[in-house]
Amino acid sequence: MKKPMKLGAYQFAVSGNIRKNLKTIKKAIALAAEQKIELLVFPECALTGYPPHDIPDSRAVDFEEVDAALEEIQTLAAGNGICTVIGSITESKAPGNPHNSAVIFLPDGKREIYYKRALWGWDRDNFSGEKLDPEATVPENFSLKCGGVFQLGNVKIGVRICFEVRFPEYFRELYAQNTDLNIILFYDVADNDNVDRYDLIRSHIRTRAVENVCPILTVDTIRPYQTAPTALYDRSGGVLAELERNKEGLLVYDWEKTELTFGEQGRKEISDSFFK
């Protein structure tokens, strides 16, 4: 990288009200523009709410309202030159349930999409899982699709969603594609102040960073009690920045791709031997 990339992650109390969520998202984009953020990420299902916490089920979503809201977000993000990644339920063209999606708005106006694949419990009840190249299910208004990897300038970025952090396999896919930065969108909360769960998920994230010699940016919702961090971790699992739990806010960090340390180089060379 010739210069640092300014990263942002906005955590807030996601609701089942699309217009309310959209208002917060637009406010966050405006704040990010003031800070000259280049990549801004929001939680899983940040636009629509997550079933059954915020809405009864995925089919309760008004997809015309979703489409209109995504158009507003794209216009605002592109107008400010911010690559924006946001969680939303999106409609499928194929029969079956909608998708739990990460929608990626690139500064040039193109859209990419990633569908959550590790579906269990509520996810399996509400969403369809697709292969990496879901040709038949990508919405018509998306100009591009992706298997969770997109390019922003000279930085290759991988995307994963919530429960996928529990599985090294999803991140080894990203390692094989030589991502420079990975991001995880979370909707992980508890009805009580479960600090142990927060610490457990935090340890998963740090391990994924160490295993794959790749920094990770994460973002979570905050209500009722936040059980995954909004934070940035370096290639060795070190904490570069972390927001206070259960409090709405914007994480900002000037991230720079640096040379590998001795230990990082060793992890990478040994990992590479498995991909030859």
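The values are calculated or read from the model by the stated rules, or taken from the named source; none is laboratory data. All of these numbers come straight from a predicted model, not from anything done at the bench. Glycine also receives a Cβ, built like all others from the backbone with ideal geometry; neighbour counts cover every protein chain displayed. Side chains included, ligands, DNA and RNA excluded: accessible areas come from the protein's heavy atoms. Shrake-Rupley method; radii C 1.70, N 1.55, O 1.52, S 1.80 Å.
Assess whether GLY87 counts as being out of contact with any Asp or Glu (no Cβ under 8 Å at 6 or more places or on another chain) and closer than 21 Å to ASP188 by Cβ. It is false that GLY87 is out of contact with any Asp or Glu (no Cβ under 8 Å at 6 or more places or on another chain) and closer than 21 Å to ASP188 by Cβ.
Within segment 35-53, not a single residue is assigned to a helix (DSSP H, G or I), open to solvent by less than 10 Å² (accessible area, probe 1.4 Å), closer than 28 Å to THR227 by Cβ and modelled with pLDDT of 95 or more. One residue stands out in segment 149-180 among those that are in a helix (DSSP H, G or I), open to solvent by less than 20 Å² (accessible area, probe 1.4 Å) and in contact with a strand residue (DSSP E or B) (Cβ under 6 Å, 6 or more places away or on another chain): the one that is farthest from TYR225 (Cα to Cα), namely LEU174. Only one entry of GLU256, GLU248 meets the criterion of being open to solvent by 20 Å² or more (accessible area, probe 1.4 Å), touching a Pro at 6+ places or on another chain (Cβ under 6 Å) and either small (Gly, Ala, Ser) or touching a residue at least 40 places away in the same chain (Cβ under 8 Å) (or both), and that entry is GLU256.
Sub-8 Å Cβ pairs linking a first residue in segment 118-129 that is without any contact (Cβ under 8 Å) to a residue 12 or more places away in the chain and more than 11 Å from TYR50 (Cα to Cα) to a second residue that is crowded, with 19+ Cβ neighbours inside 10 Å and not aliphatic (A, V, I, L, M), at least 6 apart or interchain, number zero.
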